[in-house]
1. Solvent-accessible area per residue for segment 96-188 at a 1.4 Å probe radius, Å²?
2. Go through segment 142-157 residue by residue and turn each phi into a ³J(HN,Hα) via Karplus (6.51, -1.76, 1.60, θ = phi - 60°); whole Hz please, and just put x for glycine and proline.
3. Let me see the pair-distance distribution of segment 280-324: every alpha carbon pair, 5 Å bin width, integer percents in order.
4. What number comes out for accessible area per residue over segment 197-313 if the probe is 1.4 Å? Units Å², please.
5. Please give me the summed charge of the neighbours of Thr180: other residues whose Cβ is under 11 Å from its Cβ, Lys and Arg +1, Asp and Glu -1.
6. Hey, could you pull the Cα Rg and Dmax for segment 207-356, both in Å?
7. If you line up the Cα atoms of segment 246-307 on their principal axes, what length do they span on each, largest first, in Å?
8. Tell me, what is the per residue accessible area of segment 337-431 in Å², probe radius 1.4 Å?
Amino acid sequence: MLTCGRVLSSSAGTTTASFSPLRTLTRSLLRRPPPRFLSSSSAAAATAVELDTKGGGGAGGGGGGGAARPQWKAAIDFKWIRDNRDAVAANIQSRNSAANLDLVLQLYDQYLALQKEVERLRAERNAVANKMKGKLDPSVRQALVEEGKNLKEELIALEEDLVHLSDKLQLEAQSIPNATHPDVPVGGEESSVVRKEVGSQRSFNFTIKDHLQLGKELDLFDFDAAAEVSGSKFYYLKNEAVLLEMALVNWAISEVSKKGFTPLITPEIVRSSVVEKCGFQPRAQNTQVYSIDDSDQCLIGTAEIPVGGIHMDSILPESALPLKYVAYSHCFRTEAGAAGAATRGLYRVHQFSKVEMFIFCRPEESDKWHEELITIEEDLYASLGLHFKTLDMATGDLGAPAYRKFDIEAWMPGLDRYGEISSASNCTDYQSRRLSIRYRPSPSESPPTNTKKGKGAGSGPTQFVHTLNATAVAVPRLIVCILENFQQDDGSIVIPEPLRPFMGGLEVLSPKSK
């Protein structure tokens, strides 16, 4: 008789094992390289369904069948993806993602079928074990022993296949981007919609200079020496430019802290896995991330990464939310593929200082906090007297983690164009599913407010928090804006009034006397 992929003779003690059609198909699927198309992107989904396998979440090399072993696992709801296949497929297409939905669903169906067969084998093995508890004829006992032995061997093989299949499923599903807000415009960057414009372009009655020329005349930075020391796209800040950077950082932290944000200075080297969990690809071709050789660490490209990881593997009490941080860090980016006059000078560099806002909140509040973040950004830049526009970025310009993203582009007269100075993204539960950051709804009585890692107090099922990030100050871009917008006909620069208390009362940067 044929039972669960094994052929058992009716006579006792003669049991012959053979691969089941399901296991043969599974091994074929694990060995087959997945098809790829379009550009690269990274992963997430909706509500968590943990795969029922052991050993699938740790680091390690590739297992049998050619499937790479994931270093970590996101809590991906495969059933939701399958039940909403058309919507997920449309989202993948509109975001120009490389995700292969057909393969993910094929692997998921195969996983469910194999899991079901494993469960049947476990039930049969338990039934055989129960039969052996009583007094039996020796020949019957020997037959049961042989049957149990073959069941155990087949179960070990199938469980190994299940782990490998789970690993491959996880890796493929991690390429699925976040869902998209229904109001996000569909298309490439050119389809992005202006939602607000502040101020107007300043009229000059003299020939304007770009920040490079102004900086040279004011002796504010040295690109040539930095190129010799570090390479292209590095710079030294000098004289009042140093004061201006410090002023921008301190002013931004001071203003944002008034909104209830906790100041942080973050690590600037983090584990590669944390970079990946936040939605970046440190080992991809043309990556923007600097990886450290012979280590599992990277330089950060934004404080979003270490701040996102600060509550990794935690269950937070609902009463602690929202958690709002304003973080200062240096940022390091390879700027792979960036070239041309539009990126010259301070506009696009490998290392810079930035002040970043980050929020952990309840899911139903993330849209509200997204609006709060963009309002803070707009208020900051308006107080400096800059002319800028806020855009609702189109689907083709969204990174994999973003559910919705607002960019702010300021007028840079010396460059004769608008340039991005900040962005604000709602990542919903994309990052928290990867970083394993949940909260427990509050019981009727007040829970403790301890937000350290561990199982928070409370009652009811846990939920994933939503995460949001936004730029308060990207220092080089704002230096470009200040120099070019507030230049005078004598070559001096008027310092925006909010920054003067942070520069010792300095109001004007004047050319050095020769």
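1. 45
2. For segment 142-157, the Karplus-derived couplings read 5, 5, 5, 4, 5, 5, x, 4, 5, 4, 4, 5, 5, 5, 4, 5 Hz, x marking Gly and Pro.
3. 5, 17, 21, 20, 13, 9, 9, 5, 1
4. 52
5. +2
6. Reported Rg and Dmax, both Å: 17.8, 58.
7. 40, 22, 19 Å, listed from the longest principal axis down.
8. It amounts to 26 Å² per residue over segment 337-431.
The values are calculated or read from the model by the stated rules, or taken from the named source; none is laboratory data. All values derive from a computational prediction rather than experimental measurement. Please note: Cβ atoms are built from the backbone with ideal geometry, for glycine as well, and neighbour counts cover all protein chains shown. Accessible surface areas use protein heavy atoms only, side chains included; no ligands, DNA or RNA. Shrake-Rupley method; radii C 1.70, N 1.55, O 1.52, S 1.80 Å.
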